[in-house]
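Taking it in order: structure first as structure tokens, then the write-up.
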Amino acid sequence: MGPHYNREAELRERFNRFVSDKITGIVDDYYARLKVEDFEDIKTTLRDINNIITYKATVRLLEWVRDRFPYVRDNYEFHLDQVLKTKPNDNGYDLTVVGDVNIIAEVKCNRPINDGYKFGSQQKAGIVKDIQGLLNGKSKATSVDPTQAFKFAAIYDFGDRTISAVNHLIRNLSTDLKERVTIYKEGQLLTKDKVHIVFIK
């Protein structure tokens, strides 16, 4: 007969392994040190995890844009400062550049559901909403006319599954939307009438 399942032993092992592997590099029983109140504090702190992910991915996108637009390269520190000053959930775009070149962009860090090759329904709805916002504008993002801006939907690249999920998403867009979305390939001519999907890492 196999060993009996022990819920606490499993939770302890998973928690300790995560803290050791990802944070401290030191094997220890962190689980034993923490009370329920401490775990609640951790849970509260981790509510910001999506904002952390979006911020880091937005900076990576800004670097990608900098490498392709001389105006952004010449004013990189200013635009980085703008990203730093943008509050989470301000209902604008994740990245806005206004000047000699206008750029608006949204960032998504969605891993395909169940580690598969498709996005889940909520993930797809969020990406489509962002694409529509890039094409049609947002009520709280009035500093730039979307018809006069280069538009990017940046998807964090978790590997081949992400690329497959994006291709599946595009294939299933409505006809009018599908014609206005393209996956960017290096060297491709950028136009203002389409949303260019870029993969960032």
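Rounded to the nearest Hz, the phi-derived 3J(HN,Hα) couplings of the stretch 28-39 under the Karplus curve 6.51 cos²θ - 1.76 cosθ + 1.60 (θ = phi - 60°) are 7, 9, 5, 4, 5, 7, 9, 8, 4, 4, 5, 5, where x marks glycine and proline.
Ordering Ile23, Ile155, Ile163 by the number of other Cβ atoms within 10 Å of each residue's own Cβ, fewest first, gives Ile23, Ile163, Ile155. Placing +1 on each Lys and Arg Cβ and -1 on each Asp and Glu Cβ, with no other charges, gives the stretch 50-200 a dipole about its Cα centre of roughly 440 debye.
Can you list the aspartates and glutamates whose alpha carbon is less than 16 Å from that of Lys124, not counting same-chain residues fewer than 8 positions off? Partners within reach: Glu106, Asp115, Asp157.
Counting lysine pairs in the stretch 1-97 whose alpha carbons fall under 24 angstrom apart, excluding pairs fewer than 8 residues apart on the same chain, gives 8. For the stretch 125-201, the relative contact order comes to 40 percent (Cα pairs under 8 Å, sequence separation of at least 6). Counting only DSSP beta bridges whose two residues both lie in the chain, roughly 20 percent are antiparallel.
Note on the chain: Cα-Cα pairs beyond 29 Å make up 37% of the total pair count. Across the stretch 106-113, coupling constants 3J(HN,Hα) worked out from phi with the 6.51/-1.76/1.60 Karplus curve, θ = phi - 60°, read 10, 10, 10, 10, 8, 7, x, 5 Hz, and Gly and Pro carry x. Take every Cα pair under 8 Å whose residues are at least 6 apart in sequence, average their separation, divide by the length of the chain, and the relative contact order is 17 percent. Among residues other than Tyr30 whose Cβ falls under 13 Å from its Cβ, what is the net charge (Lys/Arg +1, Asp/Glu -1)? Computed value for this residue: +1. With all pairs of separate Cα atoms included, the stretch 1-87 yields a Kirkwood hydrodynamic radius of 16.6 Å.
The distance linking the stretch 64-120 with the stretch 151-199 is 15 Å (Cα centroid to Cα centroid, whole angstrom).
Quick check on the chain: helices-only [θ] at 222 nm, where DSSP H runs of length 4 and up contribute -39,500 (n - 2.57) each and the sum goes over total residues. Nearest 500, please.
-13500 deg cm²/dmol
Read the figures in this text as sums done on the coordinates, not as results from a lab. Worth saying up front: this structure is predicted, and the values here are computed from it rather than measured. Neighbour counts run over all protein chains shown; Cβ positions are idealised from the backbone, glycine included.
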